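Only one structure is covered here, and it is reproduced in the block below.
The values are calculated or read from the model by the stated rules, or taken from the named source; none is laboratory data. All values derive from a computational prediction rather than experimental measurement. No Cβ is skipped: glycine too gets one built from the backbone with ideal geometry, and neighbour counts run over all protein chains shown. All accessible areas refer to the heavy atoms of the entire protein, side chains included, with ligands and DNA or RNA removed. Shrake-Rupley method; radii C 1.70, N 1.55, O 1.52, S 1.80 Å.
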Amino acid sequence: MAVAIVHSRGLSGVSAPRVSVEVHLAGGLPGVHIVGLAETEVREARDRVRAALQHAQFEFPARKVTVSLAPADLPKESGRFDLPIAIGILVASGQLPDDKLDAHEFAGELALTGELRAIRGALPMVLSARHDGRAFVLPKASAAEAMIVKDATILTARTLLSVCAHLAGTAPLPPMLADVLPSRTSEGPDLADVRGQLHAKRALEIAAAGFHSLLLLGPPGTGKSMLAHRLPALLPEMTESEALEAAAIASLAGRFSSDRWRVRPFRAPHHTASGIALVGGGGVPRPGEVSLAHHGVLFLDELPEWDRRVIDVLREPLESGSILVSRAARQTTFPAQFQLVAAMNPCPCGWLGHGSGRCLCTPEQVRRYRWRVSGALYDRIDMAIDVPAVEASAMASTANGESSAAVRDRVVFAHGRQLERQGKANGRLAPSEVERHCRRSSAAEALLAQAMSRMSLSARGYHRVVKVARTVADLAGASSIDAIHVAEAIAYRRELTAA
Ligand SMILES: [Zn+2]
């Protein structure tokens, strides 16, 4: 009996566990049996591999071919295993030497003509494989994303034949050099384009400096969405490992673009988005919006219009920074550490509090509208502010406000202080860490106690005010929190019950 073992990778969340593809040739009725794939995928893989081998003038063995993909309990999409299966059949049938097999991993879908097609998730596969010391053979069309991994050996090929020539030693594939992509963090819409709204801009700066979640409350057309879109460019640059994580998720969703390298993601799903679109899922689980926003910003406009059940699902990633996607008996975890920015109108028609007197909503309608976001989710938002209509004089002014770059310098300074003190942003401090890292003066303590009873803050709400005050103090370069920092933090804790 002839045997070949070929190394490949499956996908599970953002990791790519090893899969070995074993091919056995034996006597008996000619035919191909594939073990470890779903039924329809078996059929498709079998047909593609057979056609591709014949098209490349190889002989398809007239024997009983058994292909086993192990471990059996790992979910597998068939396409990526076409190339390892084809190579396994060629080695087991003696049409290719086996001496180089163990030094390589393979993934690629075959067209019937033997051309290699792009596969989903090439980046997470190469990331998982890079420390195993094998060269990774990929379709040329999947190379761009894999090449951002510095310490991996990547070989790319356009056809099955060129992979065979490499293994036969007649035409070795040249190793690809890692790409050093330009960082584009400073690009994007600029804060200087937003007229007026000094209070909101200051709040945005604080949110950026401490990675705080933010709710913007105001009538239509006051720039809530403009402000939210400008947050990513205010944030500190992603680290190499953060950038790789974000790129790996994009790769899994089939959306990798080298133009987005090191750019913090900004995701703004519509309020009609389904639960699956938001958190991820599907037959082969794919990341949802919360994961596509990993290390970036998730913007939910028209917050009260969202289905309450969909919104409730956000509580898990907001607490843990990851999301568990369940499908039948299988569970997959995707990272989902995003900064939440939400926006809403003050009332159903949007014009409450506006000088025009256009709002005809009853107090009961307003109360019910606000109630939709109160409770569980509101308790997880650090800052809530008003974004009122801008006065005509501010709109007419041609004077430019501060640029995003200037604000980002202060954000980077404040963020650096947080990393030095506690290794993470203030917005990510757990309640027990708040007490350890947020020292306050006695005047600050007294003001907090007063606010707590006046605003009837929950314990969660209290901790959020302290964390925001810590960020205000960091922006000011102060080592402990004073009353002035607490006072400003309280101003960003707008109560939803008040009009
Ligand atoms: Zn109204």
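Some points to look at:
- Taking first residues from region 429-446 that are touching a residue at least 40 places away in the same chain (Cβ under 8 Å) and partners that are among the acidic types (Asp, Glu) and crowded, with 16+ Cβ neighbours inside 10 Å, the Cβ contacts under 7 Å between residues at least 6 apart in sequence or on separate chains come to SER441/ASP482; ALA443/ASP482; ALA444/ASP482.
- Residue check, ILE5 part of a strand (DSSP E or B) and modelled with pLDDT under 90: no
- Residue within region 459-476 that is β-branched (Val, Ile, Thr) and surrounded by fewer than 21 Cβ atoms within 10 Å (Cβ to Cβ) present: no
- Total residues in region 247-300 satisfying the condition of being within 20 Å of SER15 (Cα to Cα), at pLDDT below 85 and open to solvent by 40 Å² or more (accessible area, probe 1.4 Å): the figure is 2.
- Looking only at region 311-348, and only at residues there that are closer than 18 Å to ALA384 by Cβ and assigned to a strand (DSSP E or B), the one that is farthest from the ligand (Cβ to nearest atom): GLN339
- Test for GLU435: is it in contact with a strand residue (DSSP E or B) (Cβ under 9 Å, 6 or more places away or on another chain) and either open to solvent by 20 Å² or more (accessible area, probe 1.4 Å) or outside any helix (DSSP H, G or I) (or both): no
- Identity of the residue in region 8-33, open to solvent by less than 30 Å² (accessible area, probe 1.4 Å) and within 34 Å of the chain's Cα centre (by Cα), that ends up nearest to ILE87 (Cα to Cα): VAL21
- Index of the failed condition, PRO304 passing every other in (1) out of contact with any Asp or Glu (no Cβ under 8 Å at 6 or more places or on another chain); (2) closer than 21 Å to PHE266 by Cβ; (3) touching a residue at least 60 places away in the same chain (Cβ under 8 Å): (2)
- Those residues of region 35-54 which are surrounded by 13 or more Cβ atoms within 10 Å (Cβ to Cβ), farther than 17 Å from GLY108 by Cα and touching a residue at least 24 places away in the same chain (Cβ under 8 Å), in sequence order: GLY36, ALA38
Residue-wise test of (1) open to solvent by 20 Å² or more (accessible area, probe 1.4 Å); (2) among the basic types (Lys, Arg).
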{"position": "LEU112", "(1), (2)": "yes, no"}
{"position": "PHE136", "(1), (2)": "no, no"}
{"position": "ALA143", "(1), (2)": "no, no"}
{"position": "ASP151", "(1), (2)": "yes, no"}
{"position": "ILE154", "(1), (2)": "no, no"}
{"position": "ARG158", "(1), (2)": "yes, yes"}
{"position": "ALA178", "(1), (2)": "yes, no"}
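- Among the residues of this structure, ARG120 counts as one that is of a type in the set (Lys, Arg) and in contact with a Gly (Cβ under 6 Å, 6 or more places away or on another chain).
- Number of residues in region 19-45 that are in a strand (DSSP E or B) and of a type outside the set (Val, Ile, Thr) equals 7.
- Test result for ASP82, within 29 Å of the chain's Cα centre (by Cα), free of Cβ contacts under 8 Å to residues at least 60 places away in the same chain and open to solvent by less than 30 Å² (accessible area, probe 1.4 Å): yes
- Of the helices (runs of 4 or more DSSP H) lying entirely inside region 91-190, those containing at least 2 residues that are farther than 24 Å from TRP261 by Cα and in contact (Cβ under 8 Å) with a residue 60 or more places away in the chain span 160-168.
- Residue selection: GLN339 satisfies the criterion of being surrounded by 21 or more Cβ atoms within 10 Å (Cβ to Cβ) and either at pLDDT 90 or above or within 23 Å of the chain's Cα centre (by Cα) (or both).
- All positions within region 349-380 that are at positive phi and within 12 Å of the ligand (Cβ to nearest atom): GLY350, GLY353, GLY357
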